[in-house]
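Here's the structure we're looking at; comments come further down.
The values are calculated or read from the model by the stated rules, or taken from the named source; none is laboratory data. Only a predicted model underlies this, so the values are computations on that prediction, with no experimental measurement involved. Positions of Cβ are backbone-derived with ideal geometry, glycine not excepted, and every protein chain shown enters the neighbour counts. Just so you know, the surface numbers come from the protein's heavy atoms only, side chains and all, with ligands and any DNA or RNA stripped out. Shrake-Rupley method; radii C 1.70, N 1.55, O 1.52, S 1.80 Å.
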Amino acid sequence: MVTQDFTKKTRELIDSLKNICAAYGLGNDGNEFKIITQVFLYKFLNDKFAFEAKKIKPELAHAESWELAISAMKAEELEMLQLQMGADTARLKTEHFIAHLFGRQNASEFAKLFDDTLRDIAISNNDIFAVKTDGGAKVTLFDRVSEYITDPSKRDAFCRAVINKLVEFSFERIFTQKYDFYAALFEYLIKDYNKDSGGKYAEYYTPHAVAKIMAAILVPQKVRGKVSNVGCYDPSAGSGTLLMNLAHAIGEQRCSIYSQDISQKSSSLLRLNLILNNLVHSIPNIIQGNTLLHPYHREGKALKKFDYIVSNPPFKMDFSDFRNELDAKEYQERFFAGVPNIPKQALDKMAIYQLFLQHIIYSLKPGGKAAVVVPTGFITAQSGIDRRIREHLVDKKMLAGVVSMPSNIFATTATNVSILFIDDANKEGVVLIDASHLGEKVKDGKNQKTLLSEEEEDRIITTFNAKQAVEDFSVVVSYDVIAAKNYSLSAGHYFEVKIEYADLTAQQFADKMQGFSDNLDKLFKESAGLEKEIKKQLAALRYE
């Protein structure tokens, strides 16, 4: 009941903040998401500070105002309190507290005070909370959010409206909640900002079913709690749905997250996701930049290798402006199957997923595992880069299997997708699952999407992890058999074709044949009648 109540209140807070933005002309504005996410994060960090402070000094929880009680502390006492806090808690000064701003809301130039406060928090905590670019620049936690309001005369009122919303309730009672609670909140927070807008760098939200299946197969129940000190990577992370599911399966404190994404917005959303999910220690590994052209994560001069990789890369994108740079000799080992040529037309249809997939294979540690969303056409293509990548995976025996998903599992694209599971340690028995017939079709706005039930998700996971062959659903095949079948990874190509036989007596056979003969006579008779009628109709036609 507590979590339901807080979920409701948190959603009301998010909706209220969006209403404030709309009232000041920022509805559907490109900057709205920056204000919403940054203000929400300010609230979250303020309340997390209070939660940690009260845990260390329980007397603060009984004070009439914990903010005033901390303000009354000596400087050394406050410093000691902050030293005892976890590394994932922002270091706040008393003038950073929401209560302090609330009490000063009628001061002149309140918007400047609001912005200065957020900027000071960002600078004071830059070492922990800043995201880096592939050029080395640090993207701080907060902007001067009031400056997104075009009319300066309205900025004070805007900031007052925001601060009055932030004091209405506290997050403190939900910091003991786990991943599922924050995943739902995060999804609600970004639902208007993380979808296919049709642009060149459009972001795609990965459905929960896909993220759950990936994590449950990469980290099955039998190894949970035993995996530790591993690196998890997504080279096209988006807002981090796949990484969060993977980290949750392994254990947030047992792994470090690494990512790179060309989108500034995605990197900001991923940082927020990490903060909500107790993965602050991984924020320095979040890089905003071009993974293919400027891969950031390295060990010495070589690219860093990872234990786990998950990804839902863009399938098609115009990368003609840097395609020839990727075709250079220095990249040949990484892009072992080749770099797609620049077409004469439809540059936006260039198959960029082929490059991400090769980068993922190259970035995997010996014995490492990966799960990648690919267009289903990849698993059967008989020539070109797709075929060469499959040959590489099969010939080097580093494939765990493929799950072909139902159509419209992504509401934003009609492209059928499959999940490719790579496992460098799997030397025999590849699982191929045809889940294309599962799910229920539902309307999602103007689009149609397919939803898998929890039982269907579990059926896919259980079948894959147990390496079970189930009639018309899954097969387990050897690498040699796959090679003999033109390296096809489609389960349907391996299903046994069955011809049903029935034992008949001579009389039963004769009766069946007579039935077929009688039926044919009947059809021929009807045909003759139709022929006469057609000729009669034709003869009746006259020229006029």
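A few points about this structure:
- When Pro366, Pro313 are checked against the criterion of being surrounded by fewer than 20 Cβ atoms within 10 Å (Cβ to Cβ), touching a residue at least 12 places away in the same chain (Cβ under 8 Å) and closer than 26 Å to Val210 by Cα, a single residue qualifies: Pro366.
Every residue, every condition in (1) under 29 Å from Thr140 (Cβ atoms); (2) basic (Lys, Arg); (3) in a loop (DSSP other than H, G, I, E, B), yes or no:
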site	(1), (2), (3)
Ala249	no, no, no
Gln260	yes, no, no
Leu269	yes, no, no
Leu274	yes, no, no
His281	yes, no, no
Ile309	yes, no, no
Phe319	no, no, yes
Glu333	no, no, yes
Ala351	no, no, yes
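- For the range 84-119, the tally of residues that are charged (D, E, K, R), under 21 Å from Thr140 (Cβ atoms) and open to solvent by 50 Å² or more (accessible area, probe 1.4 Å) stands at 6.
- Boolean, Gly377 is touching a helix residue (DSSP H, G or I) at 6+ places or on another chain (Cβ under 9 Å), over 24 Å from Ala469 (Cβ atoms) and open to solvent by 40 Å² or more (accessible area, probe 1.4 Å): yes
- Criterion applied to Ala87, Ala99 was being among the small types (Gly, Ala, Ser), at pLDDT 90 or above and either within 28 Å of Lys55 (Cα to Cα) or in a helix (DSSP H, G or I) (or both), and the one residue passing it is Ala99.
- Qualifying residue in the range 397-420 (condition: without any contact (Cβ under 8 Å) to a residue 40 or more places away in the chain, open to solvent by 60 Å² or more (accessible area, probe 1.4 Å) and charged (D, E, K, R)): no
- Evaluated against (1) open to solvent by less than 30 Å² (accessible area, probe 1.4 Å); (2) at pLDDT 95 or above; (3) not polar (S, T, N, Q), Phe40 falls short on exactly one condition, (2).
- Index of the failed condition, Gln507 passing every other in (1) within 54 Å of the chain's Cα centre (by Cα); (2) loosely packed, with under 10 Cβ neighbours inside 10 Å; (3) part of a helix (DSSP H, G or I): (1)
- Of all residues in the range 4-29, those that are modelled with pLDDT under 85, exposed (fewer than 14 other Cβ atoms within 10 Å of the Cβ) and touching a Phe, Trp or Tyr at 6+ places or on another chain (Cβ under 9 Å) total 0.
- If only residues of the range 215-229 that are more than 13 Å from Ala370 (Cα to Cα) and of a type in the set (Val, Ile, Thr) are counted, the one that is least open to solvent (accessible area, probe 1.4 Å) is Val227.
- Residue match in the range 46-69 (condition: part of a helix (DSSP H, G or I), farther than 23 Å from Ile283 by Cβ and aromatic (Phe, Trp, Tyr)): yes
- Per-region count, the range 172-183, residues part of a helix (DSSP H, G or I), at pLDDT below 70 and more than 12 Å from His248 (Cβ to Cβ): 0
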